[in-house]
Amino acid sequence: MTKADRIRSHVGQQYVEPARRRGDATITVVAGAVLRDLQLGGDYAASVCSALRARKFLKDNDLELVKAVGPKSMMSTTTAYTYRLLQRAESGRPRSTRSAVWDLLGAGRDTFAALGGGERWLREERESFYRGEDVDDEVDPQGRSH
């Protein structure tokens, strides 16, 4: 296990999971506290800060980094990270990383079925376009026709 893996695992187990069990909406983790917990010297402050900002850490723990406060370098024992705890699925497993666009799959199925199928509707639309027909012949409030 790499040092970064050890840091991420420790913070997940000792900070994130207890906060979830308490029902907290946010959590703040200070790099110096993690260094003390893991008995690492101050020389590892940059490693801790990098691990706490890493996408892998955020994704694995369902977190959103809300704010980071510290010195200009943001690589100090005094750097504090505030995270928002994102919701998890009912199973207790992390939410799917699947794009929300996939949830739209099949959304127009019933509409296209009522029109005789998507291919038929598309063919008719193309034919009316090539014939120069204006399908709706509607006029919008500004007087422009569609």
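Lysine pair count for region 1-73 with Cα-Cα distance under 22 Å and sequence separation of 8 or more or different chains is 4. What region 1-57 shows is 56 Å² of accessible area per residue, with the surface traced by a 1.4 Å probe over protein heavy atoms. The modelled label-to-label distance for the pair GLU64/ALA33, using points 7 Å beyond Cα in the direction of Cβ, is 2.2 nm.
Using the Karplus relation 6.51 cos²θ - 1.76 cosθ + 1.60 with θ = phi - 60°, the per-residue 3J(HN,Hα) values for region 44-49 come to 9, 4, 5, 5, 5, 4 Hz, with x marking Gly and Pro. Over all other residues within a Cβ to Cβ distance under 11 Å of ASP60, the charged ones net out to +2, with Lys and Arg as +1 and Asp and Glu as -1.
Accessible surface for PHE129 stands near 150 Å², nearest 10, in the context of the full protein assembly shown (1.4 Å probe).
For region 112-129 versus region 11-87, the inter-centroid distance based on Cα atoms is 54 Å. The amide H of THR79, built 1.01 Å from its N in the peptide plane, has ALA31, GLY32 as neighbours under 5 Å, considering only residues 5 or more places off or on other chains.
The values are calculated or read from the model by the stated rules, or taken from the named source; none is laboratory data. Fair warning: this is a prediction, and the values are worked out from it, not measured in the lab. So basically every Cβ, Gly included, is an ideal-geometry build from the backbone, and we count neighbours across all protein chains shown. To get the accessible areas, we keep the full protein, side chains included, count just its heavy atoms, and leave off ligands, DNA and RNA. Shrake-Rupley method; radii C 1.70, N 1.55, O 1.52, S 1.80 Å.
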